[in-house]
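Written below as structure tokens is the structure these notes are about.
The values are calculated or read from the model by the stated rules, or taken from the named source; none is laboratory data. Please read these numbers as outputs of a predicted model, since none were measured by experiment. Because the Cβ atoms are built from the backbone with ideal geometry, glycine has one as well, and the counts that use them run over all protein chains shown. Areas reflect the complete protein model, heavy atoms only, side chains present, ligands, DNA and RNA absent. Shrake-Rupley method; radii C 1.70, N 1.55, O 1.52, S 1.80 Å.
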Amino acid sequence: FNSIFESAIAPMFEGRIRTIFKNYPIDQSCNDRAGRTLHPYACRAAMIAEAARRLGGNEGFWKAHDYLFKNRDRLAAGQISVESAAEELGVDAVAMTKLVGDPAILARLDEDIQKARMADIRGTPAVFVEGRLVDPLSAGELGFWDKLADWYWQRAGVPRPDSTRVRSATPNSPTAKGAP
């Protein structure tokens with residue numbers, strides 16, 4: 001979702017919309033709210049991504065997020081260690097290894113899970129706009145975001161800039177202005 005958000009959705013709002021990522025691993029080893037474990041390495045991945053955030057800021061987090069998502073099959077097969085992830089991400093492996101088990105990382109993960117619990121989130125991704133949960137099928141549709149952008153610009157009291165309009169979009173397609 002993040003790549004489509006950055007390339008197609010954010011430009012509709014001229015960067016006036018943002019993504020806030022919260023962890024919700026569907027893995028009972030760290031998330032007792034998960035009815036069952038669908039992703040047995042999700043907790044480990046979340047800890048690696050949060051450790052990357054501590055070492056490299058938000059850029060480090062998103063780099064780790066993208067790397068782990070792209071390599072999710074290798075992750076699920078147990079082929080990605082903390083050390084190999086650190087090497088791939090260009091961060092200190094010893095520091096990352098220490099951070100993965102750090103109580104602050106575990107507390108952040110638990111905080112995200114508790115926020116999901118309060119919002120009655122049970123799966124991923126969960127997208128909220130103006131505090132309202134968006135139907136997961138709608139969140140993947142550029143047409144939904146295009147209509148939301150119309151509403152946003154109207155609410156702002158200014159005409160919607162032509163540069164923010166979708167060139168062409170098909171259901172579940174990221175083809176839009178600024179998209180690859």
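So which of ILE9, ILE4, ILE48 ends up being touching a Gly at 6+ places or on another chain (Cβ under 9 Å) and open to solvent by less than 60 Å² (accessible area, probe 1.4 Å)? Before you say what the answer is, go through the steps one by one.
Details: ILE9 fails: touching a Gly at 6+ places or on another chain (Cβ under 9 Å); ILE48 fails: touching a Gly at 6+ places or on another chain (Cβ under 9 Å).
Being touching a Gly at 6+ places or on another chain (Cβ under 9 Å) and open to solvent by less than 60 Å² (accessible area, probe 1.4 Å) holds for just one of ILE9, ILE4, ILE48, which is ILE4.
Answer yes or no: is there a residue in the stretch 162-175 that is assigned to a helix (DSSP H, G or I), open to solvent by 80 Å² or more (accessible area, probe 1.4 Å), modelled with pLDDT under 95 and not β-branched (Val, Ile, Thr). Working first, answer last.
Filtering the stretch 162-175 down to residues assigned to a helix (DSSP H, G or I) leaves 162-164.
Among the residues that remain, those that are also open to solvent by 80 Å² or more (accessible area, probe 1.4 Å) are: 162.
Filter once more, keeping what is modelled with pLDDT under 95: 162.
Add one more test, that the residue is not β-branched (Val, Ile, Thr), and what stays is 162.
Yes - at least one qualifying residue is present in the stretch 162-175.
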- request: Read through the list (1) over 15 Å from the mean Cα position of the chain (by Cα); (2) open to solvent by less than 30 Å² (accessible area, probe 1.4 Å), then give the number of the only condition that ALA64 fails.
  value: (1)
Hits in the stretch 130-145 (condition: open to solvent by 30 Å² or more (accessible area, probe 1.4 Å) and either among the aliphatic types (A, V, I, L, M) or within 18 Å of ARG18 (Cβ to Cβ) (or both)): GLU130, GLY131, ARG132, LEU133, LEU137, PHE144
- prompt: Within the stretch 76-88, can one find any residue that is buried (at least 17 other Cβ atoms within 10 Å of the Cβ) and under 24 Å from GLY140 (Cβ atoms)?
  reply: no
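Going through ARG122, ARG155, ARG117 one at a time, which residue ends up being closer than 20 Å to TYR24 by Cβ, in a helix (DSSP H, G or I) and open to solvent by 60 Å² or more (accessible area, probe 1.4 Å)? Steps first, answer last, please.
Numbers: ARG122 fails: in a helix (DSSP H, G or I); ARG155 fails: closer than 20 Å to TYR24 by Cβ.
Answer to the selection: ARG117.
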- line: Of the residues in the stretch 89-114 that are closer than 18 Å to GLY60 by Cβ and among the charged types (D, E, K, R), the one that is least open to solvent (accessible area, probe 1.4 Å) is ASP112
- prompt: Does any residue in the stretch 88-110 that is closer than 15 Å to HIS65 by Cβ come within less than 7 Å, Cβ to Cβ, of a residue that is among the basic types (Lys, Arg) six or more places away or on a different chain, and which pairs are these?
  reply: LEU89/LYS63
task: Report, by residue number, each residue of the stretch 117-155 that is modelled with pLDDT under 90 and of a type in the set (Gly, Ala, Ser).
output: ALA119, GLY123, ALA126, GLY131, SER138, ALA139, GLY140
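So in the stretch 1-36, with the set limited to residues that are assigned to a loop (DSSP other than H, G, I, E, B) and more than 22 Å from LEU75 (Cβ to Cβ), which one is farthest from the chain's Cα centre (by Cα)? Break it down into steps so the answer makes sense when it comes.
So in the stretch 1-36, the residues assigned to a loop (DSSP other than H, G, I, E, B) come out as 1, 14-36.
Remaining after also requiring more than 22 Å from LEU75 (Cβ to Cβ): 14-18, 20.
On the way: GLU14: 20, GLY15: 17, ARG16: 18, ILE17: 14, ARG18: 11, ILE20: 7 Å.
Once the filter is applied, the top-ranked residue is GLU14.
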